[in-house]
Amino acid sequence: MLYQKEIIINCEMDQAVGLLNDEHRLKQWQDDFVSLQCLTGKFNQTGAMYIFNYQFYGRNMEVRSTVIENNLPTDYSAKLILQGMEMESVMAICELPNNKIKWTVQIKFIPKSFIFKILSVIKPSTFMTITNNSLESFKSLLEDN
């Protein structure tokens, strides 16, 4: 399953990139975020590997992430592995007139377990809702400051 989401945010480019690269502020815009453990490298640098811990719908979920490339704001890509699912995430930020930016996220979900295969067919909105909530929280955090 592949989908793309875009959001327009009233802020400067450096504010958005700074927030994306600040591991200490993840909880402020990722509602389900619990903790982060860096395995190799520094947060969000190309080649870095880490474990995100989330609590989705009352269940603990460990997500192993590898930054494939970080050239923000032009492009960022990561591979994420969790129990029963793999994801490939690509994002970019472009500047718009009047002190605005457009953040584009493209996510490819690759279900590996039976339950995720079924969910991706009968209820794909579940995955999109999680992404949308994070984007909206990110926007609110930037626009409210």
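Just so it is clear, none of the values below were taken in a lab; they were calculated from the coordinates. Predicted model, so just to flag it, every value in this text is computed and none were measured. Note: ideal-geometry Cβ built from the backbone for every residue, glycine included; neighbour counts use all protein chains shown.
Computed FRET efficiency, Cβ-Cβ of M49 and T131, R0 30 Å: what is it to the nearest 0.05?
0.85
Going 7 Å from the Cα of N98 along its beta-carbon direction, which residues of region 1-24 have the amide nitrogen within less than 11 Å of the resulting point?
10
Subtract the Cα-Cα distance of D32 and N145 from 0.36 nm times their separation in residues, and report this length gain in nm to one decimal. Let's see the in-between values first.
Details: separation 113, 0.36 × 113 = 40.68 nm, distance 2.14 nm.
That pair, D32 and N145, stretches by 38.5 nm at full extension.
Which one is right for this structure if semi-axes √(5λ) of the Cα gyration tensor in Å is calculated from it: (i) 24, 18, 15; (ii) 20, 18, 17; (iii) 62, 14, 11?
(i)
Students often forget the sequence filter, so: which aspartates and glutamates lie under 13 Å Cα-Cα from K117 once same-chain residues fewer than 8 apart are removed?
Excluding near neighbours in sequence, the set is E86.
Scan the chain and note any complete DSSP helix (H) whose C-alpha atoms cover at least 15 Å along its axis and whose Kyte-Doolittle average is -1.0 or more. Intermediate results must be reported in sequence, preceding the final value.
On the way: long enough: 125-144 (27 Å, -0.16).
Span-like helices here: 125-144.
Using a basic spin-label model with each label point 7 Å from the Cα along Cα→Cβ, how many nm lie between E6 and D22?
For E6 paired with D22, the spin-label model returns 2.7 nm.
Given Cβ point charges of +1 (Lys, Arg) and -1 (Asp, Glu) and nothing else, what value in debye, to the nearest 20, does the dipole of region 1-99 about its Cα centre take?
I would put it at about 340 debye.
Which pairs in the list K27/K79; K79/K112; K112/K139; K42/K112 are over 26 Å apart, alpha-carbon to alpha-carbon?
Cα-Cα > 26 Å for K112/K139; K42/K112; rest within.
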